[in-house]
1. Suppose we keep only residues that are assigned to a loop (DSSP other than H, G, I, E, B) and surrounded by fewer than 20 Cβ atoms within 10 Å (Cβ to Cβ) within the range 331-347. Which one would you say is nearest to the ligand (Cβ to nearest atom)?
2. Kindly indicate which of 257, 247, 237 is more than 18 Å from residue 348 (Cα to Cα), of a type in the set (Val, Ile, Thr) and not assigned by TED's automatic domain parsing to the domain that holds residue 116.
3. Restricting attention to strands (runs of 3 or more DSSP E) lying wholly within the range 142-237, give those where 1 or more residues are farther than 30 Å from residue 114 by Cα.
4. Which of the following residues is of a type outside the set (Asp, Glu) and more than 20 Å from residue 378 (Cβ to Cβ): 269, 286?
5. Read through the list (1) surrounded by 13 or more Cβ atoms within 10 Å (Cβ to Cβ); (2) over 18 Å from residue 285 (Cβ atoms); (3) modelled with pLDDT of 95 or more, then give the number of the only condition that residue 363 fails.
6. Collect the residues in the range 34-47 that are part of a loop (DSSP other than H, G, I, E, B) and either out of contact with any helix residue (DSSP H, G or I) (no Cβ under 6 Å at 6 or more places or on another chain) or among the acidic types (Asp, Glu) (or both), keeping them in residue-number order.
7. Can you work out which of the residues in the range 238-248 that are under 20 Å from the mean Cα position of the chain (by Cα) and not in a loop (DSSP other than H, G, I, E, B) is nearest to the ligand (Cβ to nearest atom)?
8. Could you look through the range 94-121, keep only residues that are within 12 Å of the ligand (Cβ to nearest atom) and part of a strand (DSSP E or B), and pick out the one that is nearest to residue 219 (Cα to Cα)?
Amino acid sequence: MDLAVKKITLGSSKSKVAISVTKNLIPMIMDVVQFEVQKAMSSKLQQIDLENIPFGKVFTDHMFVVDYYNNKWQEAKILPYGKLELSPSISALHYGQAIFEGMKAYKNFKGENMMFRPHDNIKRFNQSASRMCMPKVPDKLFIEGLRQLIIADSDWIPEKKGYSLYLRPMMFATEERIIVKPSDEYKFLIIASPAGKYYNEPLKVYIETHYSRAAKGGVGNAKAAGNYGAVMFPSQIAKNKGYHQVIWTDASEHQNIEEAGTMNVMFVIDNVLVTPQLSDTKLPGITRHSVLSVAREWGVKVEERTITVTELIEAYNAGKLTEAFGTGTAATIAHIKTIGHEDKDYHLADANANSLSWKISEELTNIKYGTSTDNFGWMHKV
Ligand code: COI
């Protein structure tokens, strides 16, 4: 692990040189915008071990950037990955108009570059944009940005099963003004990072019944940057007690299970796959939807409904709670081995090849790598 981190440091300093000497501009016309590609003069890739890499710390050679001002999106660019020049008065830094997405590209078993459900991420991104009073990113611009970035950095997509190229689209307000109002200017970027597992071991999670992640009528169902900053304090308290993550409960009674912040949560109770129903306090996870779709296709009984903390503990005590797991783009399917509540820990059996979550996880991986049939039309060739 230390070695990988050292390589990252070397890589970043080298990329700065590459940026300053880059000259080869390849203009391309799309039907929505002028599109320019500036290739990095050298790559950091030789210094990276793609199969031994910490999540989210290494970035590829390029990034996609486009600005919004004068009521329209301007010329889009693929640039060498590097620093941005920003004014200290941009409103994102003061009032938090900032949103993002998490999605992944894979190399399938034929060596083709594939995106998983990109249109669902684009749709959710634009829903977040509307909720945060930000302009929508046109689908064609978004998809072309993803495509061009993946093409530019295709050598960065790990080939090993279970690994991927994590794509992080983001938008933030760039108007230089500290009046509280929606910005008239924005920057949309996509950066990419080769990724293995987000969690390297089964999780210990703590059911939080004091702090809240989201309240009714708030922004809990948007991928707003502030949602993630706001939960760091209670998450840190749980980490200090030895838990990896918090399971959030509803903000008024702290009785209903919501989600885990980096992932949605699911349980197998009495052979039924149960997960909290979507609402404005939970992120509508694309992995969540994929897991439920596969389960339904297999004839598994699925319930999207309110799950109370009391029900969960009673099911555990009755031996009916057999599996708990999180679902998310970064987390994929993360097995939960311990659920903490108040001063008690409830331990579940390790997942194994007979567990529902294990089987669904295998199936999703196989769909992504092209070794299972993609009945849902989720995979898109770049
Ligand atoms: C993702 O799963 O892609 C997310 O955005 C969660 C993030 C906190 C890693």
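The values are calculated or read from the model by the stated rules, or taken from the named source; none is laboratory data. Bear in mind the structure is a predicted one, so any value in this text is a computation, not a measurement. Don't worry about glycine lacking a Cβ; one is built from the backbone with ideal geometry, like all the others, and counts go over all protein chains shown.
1. First, pick out the residues of the range 331-347 that are assigned to a loop (DSSP other than H, G, I, E, B): 331, 342-343.
Pick out the ones that are also surrounded by fewer than 20 Cβ atoms within 10 Å (Cβ to Cβ) and you get 342-343.
On the way: 342: 26, 343: 28 Å.
The selected residue is 342.
2. Details: 257 fails: more than 18 Å from residue 348 (Cα to Cα); 247 fails: more than 18 Å from residue 348 (Cα to Cα).
Being more than 18 Å from residue 348 (Cα to Cα), of a type in the set (Val, Ile, Thr) and not assigned by TED's automatic domain parsing to the domain that holds residue 116 holds for just one of 257, 247, 237, which is 237.
3. On the way: elements: 164-173, 186-195, 203-208.
Filter on the range 142-237 gives 164-173, 203-208.
4. Working: 286 fails: more than 20 Å from residue 378 (Cβ to Cβ).
269 is the lone residue from the list that is of a type outside the set (Asp, Glu) and more than 20 Å from residue 378 (Cβ to Cβ).
5. Failing condition for residue 363: (2).
6. So the first thing to find is which residues in the range 34-47 are part of a loop (DSSP other than H, G, I, E, B), and the list is 39-44.
Across the range 34-47, the qualifying residues are 39, 43.
7. Initial filter on the range 238-248 (under 20 Å from the mean Cα position of the chain (by Cα)): 244-248.
Among the residues that remain, those that are also not in a loop (DSSP other than H, G, I, E, B) are: 245-248.
Numbers: 245: 10, 246: 13, 247: 15, 248: 14 Å.
Taking the candidates together, the pick is 245.
8. Top of the filtered list is 99.
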